[in-house]
Amino acid sequence: MQASPLQPTLFPRLSGPQHSTSLVIDPQLVAQLFVSGIVIGSRYALIAVSFGIIYSTTRIFHLAHAATYTIAAYAAVVAANMLGAPLWLSLLFGLLAAVIFGALMELGMYRPMRRRSATKLAMFLASLGLSIVASSSIQIIFGPQNLSLQRVSNATYFLGNITITALNIAEIVVGWTAIALLLLFMRRTQYGRAINAVRTNAQVAMAVGISVDRIYLLVMVIGSLLVGMSSLLFLMGNVVFPTMGLAPILVGFIAVFLGGTDSIPGAALGGLVLGLATSLSGIWLAGDFASVVVFGILFIVLVFRPQGLLGKAAV
Amino acid sequence: MNDYVADIIILILIYISLGASLNLLMGYAGQFSMAQAVFYGIGAYSAGLLAVNLGFSPLLSIIGAIVIAFISAGILALPAAKRVSGEYLILLTLAFQIVVNQLMNSMRDLTGGPYGFTVPWLTIFGRDFITPVEYVPLMALGCLLVLLVTWGIGESPFGRLLKGIREDETAVRALGKNTVVSKLLVFGITAGMAGFIGGLSAYYYQYIAPGTYNLDLSIFIVSIIVLGGIGNLTGTIIGAIILGGMRPFLQNVDFIGDENSYSWQAIIYGMALILLMMFRPEGLLPEGMGFGSLWRRISGRTNAFPIVAIPPPGALPTAKGRVRGDELALPNIVVGRAGDAGVAPTAGFAATAGIVRIEDLAKHFGGIYAVNGVDLSLREHQITALIGPNGAGKTTIFNLITGVLKPDRGRVFLRGQEITGKPPDEVAKLGMARSFQDTRLFRRLTVLENVAMAVPHQPGENVAALALRPFRSRRMEAETLAKAMGYLELIEMAGKAHERVANLGYGEQKVVAIARLLATESEVLLLDEPTSGIDPAVLDDMIALVLRLKALGRTICVVEHSLHVVSQLADHVVFMEDGRVTAEGTIADLTSQPRLVEVYFGT
C-alpha cells in the first residue's frame, strides 16, 4: 500500500488562533473559539439531523451518506467551474444530485435488500461498499487534488475582536432554519406524521395503510437533501476532495448516537455539543487533536450511558 | 521466484493473517470491527518505535507490538463488553480507526507525522532478511501461526462459547458462563494477532507511515472476509488471494496504470461488497464448509461417539422406558449436590422449608406491578408449578430470581444463601438455572455443541489454560463431549448429535433445551412452559422427561398453562393473579375452588 496522496485534516477549525500554552486562559480566545464552535456545531447539527431521520426510520447504518455529501459538492463544482453555471444554479444542481443519489440508493440497493430480508449488518456492508466505490470513482474522474468553487465572495465581520464571516453566518442561519422546518414538517403535515408512525412501529404503520416503502424513500430524499445543503454550505468556503465526506458524516453519526437515536432535536443538540467541544478543546489542545475529543466523548458515553445522552434508560 | 512476485506473496500473506484474525471476531464471536487496519498499524508503530527508540531486539519489539495491540483493543472493547453491540460497535471502531490513524499523522514528535520513519531490517542469528525473497518464509511462518491460533481458538471450547455469544448472549449467561471477559479477550486476541503481523511487516517494509493503515484497508479486510464467507477461514484465505492478487493485474492494464490501480481495486472490492450483500450474503463458502469439515469427513471424527437409533421423524424422542433403574448407568450426571462447594446447606434449614426461598419479591414496569410482594419456596426434590392467567407475573418471577431483572424489593435465597441481584451467570453457577419458553437454543450450532456448552468447569473455555495446558484442555474437552453425549442419550437424541438445531423439529428443540439445562448440573431447574407449542401426541413424553429430571434428584419449578400437565407433574401448585400469590396447595385443592377456576378459565 502507498501513502495516501493527501491526509486531510479531519476536523478543520475556523480561522484558528493557536492554542494557549500558558495556564492563564485568554478570554478573547475562548470567545472566538465559542463562536467557531457554534458555527461548526451548526454544521454538525444539520448533518446529524440528516442522518438521524434516515437512521431512526430505516434503521440502516447508512454510511454511504458520506458519498451523498461528496457528490453534492462535486456536482456543484462541475456545474460552476466546468459548465459555467451561475452560483445559485450550481448549488441547485448539487442539491438535485444529492437527492437523486439518495433516492437511487433506496430504490436500487436498500429496497431490494429489504425484499430479501437482508440483515442490518448486510445493509451496512453494502452501504460501506458503495461509499468506497463512490470516493474511488470520484478520485479516478477528478483526481485526488482539492477543487474549489470559484467566485464565491465572502465578507468578514468583527464583533469586538471576534471574527466571523458571512458564510459562517449563513451556515448557522440556514442550518437551524432547515432543522426547524423539518421539525415543523414532521409535526404538522400528513407525511411527517406518517414518518413518525413508521419510526415508532413500522408494522403498525403498515397495518393502518401507510406505504412503508414510500416513507423509506421519502426519508432518504429528505436526509440526502439536508446533507447536500450542509455539503454546499461547507463547499462555498472550503475545498473539496474525494474523501471529504467521511469525517463530517462520522461526527454527525456520533452526534446522533449521543443525542439518542430516536430524537431529531437530540441529534441536533448532539451536533452542537460536539462542535462546541471540538472547538473549545482548542484552548488546551492543538487542532489536530480535536478528533480525539470527539472520540473520547463517544467512548465515555458508550461506557456509562449506552442509550445516549437524551435517550431513555433501557428497561 | 523473483522479488516482484515475492512482494505480492507477502502482501497476500498479510491480508490472509489480518482477515483470519478479524474473522475470529466477526465469524465466531459475532462482533464487528472497522479498526483492523489501525491495530495492524499499532503493531507496526509499536514494534518500530520500540526497536528504533529503545533499541529492543526484533523478538522483543514484536512481542511488545502484540501486547500493546492486545491492551488497546481490550480497552476499546469495554463498551462492547457492557453489551453495546450492533451499530454502536460499528461507530465506535470506525471512530477509533479514524482517530488513531489521524494521531499517527499528528503526533509528529513520536511518529514522524505523515512522512513516517524508517525501521532497521531484520537480523536473526546474524542472518539478514532484507529482500522480499528472503522475507517470504518468515511472513509465511507468521501467517501460519495466525491461522493456527485462529483455528485452534475457533475449534476450542472457548470458540464454542464465542459462537454461543454470537447466537444468543442471554442464553449463554443463563447457562452460567461469564460473557464479558470472553468478549474483551476475543477483541484483544484479534488485535494482538493484527499487531503481530504489523510488527513483522514493519521489519519487512522498513518504513512506517500513516497512509498504510487507513480506513480503506479496514474496509478491504472486511471485504475479504465477506467474499470468502463470514465464519469460514478457508473462505478468508481464498478471499485474500482473489482480492489481494487483483492489483498486480490492474497495474498492467493500459488505461488504469499504476497510479489509479488502488482506486480501481477499491471500486472492485466495493462492488463485490454491494453485490455479495445483495445476492449472496453468505459469501463464497458458507460457515462450516471448508478444509475443517472435509477433514472431519475423511477422518471420521463424527463417529467417535456412541450412536443410538434415530427416532422416527416427527416423533419426540421418548424418555419413557429409561425412567427405571438406569440413572446411575449414565455417565457423569450428578445426582443432588447438597454440600457442594459454595452452597453449603444452612443448619436447621429443613428440606420442607424450601431449597429456594423468595421473600416479598416485587417488580414494577412503569406504573404496573408485574410482581407485587410474592413469598414462595421451592421444596427440595419436588416439582412446584406456577399457574395463573396471562400477565400474572410467572415468567417475571423467573427473570427476577435468576438475575435477568433486578427486583425493586424482596430477597431470594438458594440453600440459605442470599442471591438477590446476582447476575444470571452467577446464579446458574450457584446451582439454579432456567429454560426459556422459546428454547433460545443456539440455532446454528449442533445439538451436541448446544449441550456441551452448558457443561460447567471447562478449562478449555479459558484462553490461558488453552495456551498453557493444551493437552489437559483437550482431554477435558473429550470428557465434556462424553458428558454431553450422556445427556443426549438420556433424551434419546444421540443420533442427531451433529445435526444443527435449526434443522430440528420444534418438539425436538424443546427436548434439547431440557438436556442443555440439565447439563448445567444445577440442582434447581426452572422450566418456562416446557410443553408449549409441542405436538399433543408427544406431550406425554415431555411429561415423562420432566418427571425423570425429578427422579434424577433435581428440584423443579415449572410455569405451565395446561392443567392436565400440571396435574401430572406437580407436587405443589402455586396460583398467581396480578403479581400476587393467591392460593397454594395440590392441584385438587385449587381446582375445588370455583373462584380460581373462574379466574383461570374465565377470560
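Since only A:Met236, B:Val447, A:Ser291 are under comparison, the one whose Cα sits farthest along the positive direction of the charge dipole of the protein assembly as shown, derived from C-beta charges on Lys, Arg, Asp and Glu, is A:Met236. Around the Cα centre of region B:444-521, unit charges on the Cβ atoms of Lys, Arg, Asp and Glu (plus for the first two, minus for the last two) sum to a dipole of about 240 debye. Comparing mean-square fluctuations of A:Val173, A:Val35, A:Val208 from a GNM of chain A with C-alpha springs under 10 Å, the top value falls on A:Val208.
When only the Cβ of Lys, Arg, Asp and Glu is charged (+1, +1, -1, -1), the dipole of the protein assembly as shown relative to its Cα centre reaches about 580 debye.
The equivalent ellipsoid of region A:226-285 has semi-axes of 20, 17, 10 Å, largest first, where each one is the square root of 5 times an eigenvalue of the Cα gyration tensor. Reducing region B:462-494 and region A:59-119 to their Cα centroids gives an inter-centroid distance of 55 Å. In the protein assembly as shown, helices alone account for a calculated mean residue ellipticity at 222 nm of -18500 deg cm²/dmol, with every DSSP H run of four or more residues adding -39,500 (n - 2.57). The convex hull drawn around the Cα atoms of chain A, when projected onto a plane and averaged over every direction, covers 18.4 nm².
Percent of Cα pairs in the protein assembly as shown per distance bin of 10 Å, from zero to the largest separation: 2, 11, 18, 21, 19, 15, 9, 4, 1, 0. Amide H contacts for B:Phe117 (H built 1.01 Å from N in the peptide plane; partners 5 or more residues away or on another chain; cut-off under 5 Å): B:Ile208. Here r is the Cβ-Cβ distance between B:Lys550 and A:Ala180 and R0 is 60 Å; the resulting FRET efficiency, rounded to 0.05, is 0.35. Residue by residue along B:216-223, Cβ atoms of other protein chains within 10 Å of the local Cβ number 3 on average. Counting only other chain Cβ atoms within 10 Å of each residue's Cβ, the peptide A:295-302 averages 5.
Projecting the Cα atoms of B:Phe575, B:Ile274, B:Thr190 onto the charge dipole of chain B (Cβ charges, centred on the Cα centre) puts B:Phe575 farthest toward the positive pole. Principal axis extents of the C-alpha atoms in chain B (largest first, rounded to whole Å): 90, 51, 46. When the listed pairs B:Lys406/B:Lys429; B:Lys163/B:Lys550; B:Lys363/B:Lys429; B:Lys82/B:Lys483; B:Lys183/B:Lys550 are checked against a 29 Å cut-off, the alpha-carbon distance exceeds it for B:Lys163/B:Lys550; B:Lys82/B:Lys483; B:Lys183/B:Lys550.
Less than 5 angstrom separates the built amide H of B:Arg554 from none of the residues sequence-distant by 5 or more or on a different chain. Relative to the Cα centre, the charge distribution of region B:3-214, modelled as +1 at Lys and Arg Cβ and -1 at Asp and Glu Cβ, gives a dipole magnitude of about 660 debye. Per the Debye calculation on region B:227-296 with a single equal scatterer at every Cα and no solvent contribution, log₁₀ I(q)/I(0) for q = 0.13, 0.26 Å⁻¹ amounts to -0.45, -1.05.
Cα extents for region B:3-214 along the principal axes, largest to smallest and rounded to whole angstrom: 55, 35, 29. Proximity of backbone amide H atoms, modeled 1.01 Å from N, is registered between B:Met576 and B:Ile387, B:Gly388, B:Thr582 at under 5 Å, excluding neighbours fewer than 5 places apart on the same chain. Residue by residue, region A:249-262 carries 3J(HN,Hα) couplings of 5, 4, 5, x, 4, 4, 4, 4, 6, 5, x, x, 5, 9 Hz when phi is fed to the Karplus relation 6.51 cos²θ - 1.76 cosθ + 1.60 (θ = phi - 60°); x denotes Gly or Pro. With the charge dipole of region B:444-521 set up from +1 on Lys and Arg Cβ and -1 on Asp and Glu Cβ about the Cα centre, the Cα lying farthest toward the positive end among the listed residues B:Phe471, B:His457, B:Leu517 is that of B:Phe471. Between the C-alpha center of region B:372-393 and that of region B:28-98 there is a gap of 49 Å.
3J(HN,Hα) along region A:81-92, derived from phi through the Karplus expression 6.51 cos²θ - 1.76 cosθ + 1.60 where θ = phi - 60°, amounts to 7, 9, 9, x, 6, x, 4, 4, 6, 4, 5, 4 Hz, with x in place of Gly and Pro. Based on C-alpha pairs under 8 angstrom that are at least 6 apart in sequence, chain B has a relative contact order of 17 percent.
Computed from the alpha carbon atoms alone, the convex hull of region B:444-521 holds 79 Å³ per residue. Phi angles across region B:384-397 convert, under the Karplus curve 6.51 cos²θ - 1.76 cosθ + 1.60 with θ = phi - 60°, into 3J(HN,Hα) values of 9, 10, 9, 10, x, x, 4, x, 6, x, 5, 5, 4, 4 Hz, Gly and Pro given as x. Taking chymotrypsin sites (Phe, Trp or Tyr not before Pro) as exposed when DSSP calls them loop and at most 11 other C-beta atoms lie within 10 angstrom, chain B has its longest site-free stretch at B:256-603. Please find, in a Gaussian network model of chain A (springs between Cα atoms separated by less than 10 Å), the residue of A:Arg59, A:Arg115, A:Arg199 whose mean-square fluctuation is greatest. Most flexible of the set in this elastic network: A:Arg115.
Every number here is computed from the coordinates shown, using simple stated rules; none is lab data. In this text the structure is predicted, and so the values were computed from the model without any measurement. Note that each Cβ is placed from the backbone with ideal geometry, even for glycine, and that neighbours are counted across all protein chains shown.
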